[in-house]
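The values are calculated or read from the model by the stated rules, or taken from the named source; none is laboratory data. These figures come from a predicted structure and were not determined experimentally. We place every Cβ from the backbone using ideal geometry, glycine too, and count neighbours over all the protein chains shown. These area figures cover heavy atoms from the full protein model, side chains too; ligands, DNA and RNA do not enter into them. Shrake-Rupley method; radii C 1.70, N 1.55, O 1.52, S 1.80 Å.
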Amino acid sequence: MKALMSLEDYLDGWARTGEAGAVAKTVLSLASAGRLISGLAAQGPLAGSMSAVVGHSNDGDGQKELDRITNIQVIEGLKGAPVACIASEELDGPMATGKDDAPLCVAVDPLDGSSNIDANVTIGTIFSILPRLKDAPGAGEAHFFQPGTKQLAAGYIIYGPQTSMVLTVGEGAHIFTLDPADRKYKLTSANLQVPAETREFAINASNYRHWDAGIRRYIDSCLEGAQGGRAKNFNMRWVGSMVAECHRILMRGGIYLYPGDTREGYAEGRLRLIYEGNPVAFLMDQAGGAATTGQMRILDVEPTSIHQRIPLIFGSAEEVAVAESYQGNGAASAERSPLFARRGLFRS
Ligand code: AFP
């Protein structure tokens with residue numbers, strides 16, 4: 001098999017100096033942390049009770065032991081990187097690294113999908129690399145209140161059957177798979193392209209009764225299949241781990257939806273803008289996909305708080321546009337699908 005380009009060689013060829021060189025160093029630091037986290041995740045229960053609840057977390061669920069450990073590993077891993085401050089799902093506020101003049105800031109979800117640890121389901125580390133604002137204090141939140149369009153790099157490390165880093169530095173989206181033989185990340189898919197059309201949607205359908213009319217009508221239209229207005233049948237997936245859904249969508253297309261709903265605390269959905277929505281949106285943008293709140297591009301949203309939630313719809317560009325077309329006033333006047341009225345499968 002032809003020698004594959006390593007992550008180091010890819011980054012070397014992209015940038016050696018200046019801000020881009022700093023981004024390259026930071027990506028390699030995150031990749032190293034990913035190696036350690038991958039090893040820990042692969043041990044599962046052999047490493048102790050990684051799913052034990054050990055503290056509070058920002059999403060209302062308990063903080064798991066593996067959440068805590070991966071957060072430490074990411075922070076430790078970034079110690080040698082040119083990063084001035086870190087925002088993490090596992091930290092209440094931004095953490096100064098002591099390198100106040102470093103050019104970068106990193107926002108991270110150290111372990112997305114941690115409710116799946118016990119079930120041995122794919123999980124991942126999501127990261128977003130931003131320029132430090134020169135006129136803002138060291139570890140101030142202001143660095144992270146930049147819209148997603150300002151990201152210099154973003155991606156995730158997915159811990160599944162393979163461990164891979166999916167990365168964009170603004171020149172396409174690429175997959176670097178960690179080779180167990182030599183523990184090096186190797187370019188296995190360059191310039192990913194999300195198919196514009198799809199027949200596969202991902203949403204937690206148990207929340208149907210909590211959705212607004214627009215989302216219900218869109219999902220109804222998918223469920224009506226070939227007999228309905230869409231004139232095609234759809235398949236459904238819901239892994240419970242956004243990184244896994246994102247990877248599947250990058251590989252074969254699809255649409256992921258986590259909209260706001262009427263449950264307490266879910267008016268803006270479940271996913272976080274700065275360290276989940278923005279990195280995924282950057283990857284989608286680079287891979288010809290789309291990412292929206294249902295009303296506007298995720299990348300254009302101006303963040304106002306570190307752990308701000310955001311309604312998140314992303315994936316195949318044409319399907320995202322269809323889902324968007326059901327949002328806003330038009331959807332409210334739409335008739336409910338007779339399919340569900342008759343069968344009462346999803347009551348309002
Ligand atoms: P956890 O990290 O708490 O497991 O949450 C994962 C997640 O943020 C995202 O990765 C999933 O798509 C989504 O939540 C699943 O949410 P539901 O449990 O409400 O379906």
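Observations on the structure shown:
- Put simply, the Cα atoms of the chain extend 61, 49, 40 Å along their principal axes, the longest span coming first.
- Residue-count net charge about Leu78 - beta-carbon cut-off 12 Å; Lys, Arg +1, Asp, Glu -1: +2
- On Cα atoms only, tilt of 18-43 relative to the major axis of the chain in degrees: 70 degrees
- Under 21 Å from the Cα of Lys186 - lysines, other chains or at least 8 residues apart: Lys2, Lys25
- At q = 0.15, 0.17, 0.18, 0.19 Å⁻¹, base-10 log of I(q)/I(0) for segment 82-235 (Debye sum, equal scatterers on each alpha carbon): -1.04, -1.14, -1.17, -1.19
- Pairs of Cα atoms nearer than 8 Å and 6+ residues apart set the relative contact order; for the chain it is 15 percent.
- As computed over segment 7-189, the Cα convex hull volume per residue (Å³): 113 Å³
- Per-residue SASA entry for Tyr10, accessible area with 1.4 Å probe, Å² rounded to 10: 30 Å²
- Here the chain exposes an accessible surface that is 51 percent carbon and sulfur, computed with a 1.4 Å probe and the other protein chains kept in place.
- Near Gly140: Cβ cut-off under 11 Å, other residues only, Lys/Arg at +1 and Asp/Glu at -1. The net charge is -2.
- The alpha carbon convex hull volume per residue for segment 200-340 rounds to 106 Å³.
- Within the shell defined by Cβ-Cβ distances under 12 Å, the residues around Glu245 carry a net charge of 0, with Lys and Arg each +1 and Asp and Glu each -1.
- By the compact-protein rule of thumb, 2.2 N^0.38 Å, the alpha-carbon radius of gyration of segment 1-92 corresponds to a ratio of 1.32.
- Accessible area (Å², per residue) of the chain, counting only protein heavy atoms and a probe of 1.4 Å: 41 Å²
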